[in-house]
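Remarks on the structure that follows.
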Amino acid sequence: MARGRLISFEGLDQSGKQTQAEAVHRHLEGSGQACQMVSFPDYATPIGAEIRRALHGERDYAPDVMQLLYIANRYEARGGLEAWLAAGTTVVCDRYLASSIAYGEAQGLDAAWLADAQKHLPAPDLTLLLDIAPETAVRRKATGRDRYERDLELLARVRESYRRQAQAHGWTIVDGEQPAADVTTAVLTALAILPAPR
């Protein structure tokens, strides 16, 4: 049986990651393909619950500790991800490995260290960066923003890291400023040229 493919959506909050991940999930299931969608952080796990507390001011962790929590949250899901991929299922992730690198690097952490800490997690077969300006993120979510979402200077550095990673690793960059339907068209076009499962 061919290994399943892992598709990762990355970008700032409010860039449309969840919307587009759900669109791909519906598209693949509608075409008869086995597909699972996951979102990180997964707040339903013990580590995910701790991340939620930190994001809402109930904990005060240093940037390196926060990113280790995010990474550990993905390792909590590692067994399930590997089982799905081994069974030929396509896995669609709303945020994945690159998120820790982007947000960590924006806070002065070493990108190579963050990448190395995640080297035992399944690697994406396709990463799509939904690129928007920090000001767009704020406009799309005017209230209830967490500690990262309130910091425009941080978000600008996160965007720079995402763009650098995209250029270095050959990701697909999609203009997230355009209407959602146009974003979906671009995403499905990228999906159509993804190499066949191995």
- prompt: Pick from Trp171, Trp113, Trp84: which residue has the top mean-square fluctuation in a GNM of the chain where Cα pairs under 10 Å get a spring?
  reply: Trp113
query: Non-local amide H neighbours of Val91 (under 5 Å, H modeled in plane, Pro and chain starts lacking H): which ones?
result: Arg5, Leu6, Ile7, Gln36
message: Using a 1.4 Å probe on the protein heavy atoms, what percent of the accessible area of the chain belongs to carbon and sulfur?
response: 52 percent
message: With +1 on the Cβ of every Lys and Arg and -1 on the Cβ of every Asp and Glu, and nothing else charged, how large is the dipole of the chain about its Cα centre, in debye rounded to the nearest 20?
response: 280 debye
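Give me the number: length gained by fully extending Arg53 to Arg139, i.e. 0.36 nm times residue separation minus the C-alpha to C-alpha distance, one decimal in nm.
Extending this stretch completely gives an extra 28.5 nm.
Suppose only helical runs count, i.e. DSSP H with n ≥ 4. What mean residue ellipticity at 222 nm does that imply for the chain under -39500 (n - 2.57) per run, divided by all residues and rounded to the nearest 500 deg cm²/dmol? List each step's numbers first, then the result.
On the way: 9 runs with 101 residues, N = 198.
After summing the helix terms and dividing by the residues of the chain, the value is -15500 deg cm²/dmol.
Using a probe radius of 1.4 Å on heavy atoms only, what accessible surface per residue do you get for the chain? Whole Å² is fine. All intermediate terms of the calculation are to be shown ahead of the outcome.
Values: 9410 Å² over 198 residues.
So the chain comes to 48 Å² accessible per residue, rounded to a whole number.
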Calculated FRET value between Thr185 and Ala115, using beta carbons and R₀ = 35 Å, to 0.05: 0.65
message: Angle check, please: helix 17-30 long axis (alpha carbons) against the longest principal axis of the chain (alpha carbons), in degrees 0 to 90, nearest 10.
response: 10 degrees
message: Which of Ala166, Ala133, Ala181 ends up with the largest GNM mean-square fluctuation for the chain, with Cα atoms connected below 10 Å?
response: Ala181
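The values are calculated or read from the model by the stated rules, or taken from the named source; none is laboratory data. Since this is a predicted model, take the numbers as computed values, not measurements. Using ideal geometry, Cβ is built from the backbone for each residue, glycine included, and neighbour counts are taken over all protein chains shown. SASA here: full protein model, heavy atoms, side chains in, ligands and nucleic acids out. Shrake-Rupley method; radii C 1.70, N 1.55, O 1.52, S 1.80 Å.
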